[in-house]
1. Probe radius 1.4 Å, ligands and nucleic acids left out: which of H182, H188 has the largest accessible area, and how do the rest follow?
2. How much accessible surface does L91 have with a 1.4 Å probe, in Å² rounded to 10?
3. Using a 1.4 Å probe on the protein chains only, how many percent of the accessible area of the stretch 92-179 belongs to carbon and sulfur?
4. Roughly how far apart, in whole Å, are the Cα centres of the stretch 89-161 and the stretch 174-190?
5. Using only Cα atoms, what Kirkwood radius does the stretch 129-211 have, in angstroms?
6. Give me the 1.4 Å probe accessible area per residue for the stretch 129-211, excluding ligands and nucleic acids, in Å².
7. Given the pairs K77/K200; K71/K139; K77/K139, which are separated by over 27 angstrom at their Cα positions?
8. Please report, in whole Å, how far the alpha carbons of the stretch 22-123 spread along each principal axis, starting with the longest.
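The values are calculated or read from the model by the stated rules, or taken from the named source; none is laboratory data. Fair warning: this is a prediction, and the values are worked out from it, not measured in the lab. With ligands, DNA and RNA removed, areas are computed over all heavy atoms of the protein, side chains included. Shrake-Rupley method; radii C 1.70, N 1.55, O 1.52, S 1.80 Å.
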Amino acid sequence: MANKALRFTSRAQRGSSKRYFVIDDPSWCAAALLLVLTLSSSAFFIDQTQLVYLCVVDGMLLLHGCYLRGKLMSLIKLFVVQLLVTCCLYLLMQQSDRMLEGVLAVCRLLLAAIPGWWLAMSCSPERIAEVLNWVMPVKWAFVVAASISLLPFFSREIQEIYAIQRMRGANISAKALRNPRHWPELVHCILVPLLIQLLKLAKQMANAAKLRQFDQRQKTTFWRY
């Protein structure tokens, strides 16, 4: 009876945990990495008429990522910001009739970013590092896997810093940023604190790896949970 209750509790905790990854086998993780590399590279190299098929595949990845409790707001904000910046640059440097080219370029960037977002939602960083260790040195595999695992943290930090700066009265709202005079305030209030936080996190991860004697063993181990 106690074992059944324990199994039920572990399943409930796994279902409610935001850090549950559906792909935890190295073979499936390798297949997912190949799929992501293929889709992301195809976003830049395939013909414009074939982008519809890529949109269908990326749409399926979006639905699966949402099912895994992934947040689409970060992708939406990234797309909107890139679209606004690209359109402004085309208006300043190119003719207005070439605006469609800029929109298409931003769409390709979004299609290239969706597979990586899905990979961060579905594969555990430990399995990604284990798979990458098959084809690259341990240190490089650790850096790549750590960078992928930092994507959700990066999104949460931006939201928290933005909310705090808005509470203290910073002019960084969507309406205020229409005025270019407020753009330096966005850099000082959002980008600089975010950079400092990321540098602090990178130092903490380096110290944690050093304390665990990372790269001092002939065979690197990977924790399975």
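1. Working: H182 40, H188 125 Å².
Heavy-atom accessible area, descending, gives H188, H182.
2. We get 110 Å² for L91.
3. Working: 3190 of 4970 Å².
Ligands and nucleic acids excluded, carbon and sulfur give 64 percent.
4. Cα centroid to Cα centroid, the span is 24 Å.
5. Numbers: mean 1/r = 0.0672 Å⁻¹.
Computed over the stretch 129-211, the radius equals 14.9 Å.
6. Per residue, the stretch 129-211 has an accessible area of 69 Å².
7. Numbers: K77/K200 25 Å; K71/K139 30 Å; K77/K139 32 Å.
With Cα atoms farther than 27 Å apart: K71/K139; K77/K139.
8. Sorted from largest, the Cα extents of the stretch 22-123 read 50, 27, 18 Å.
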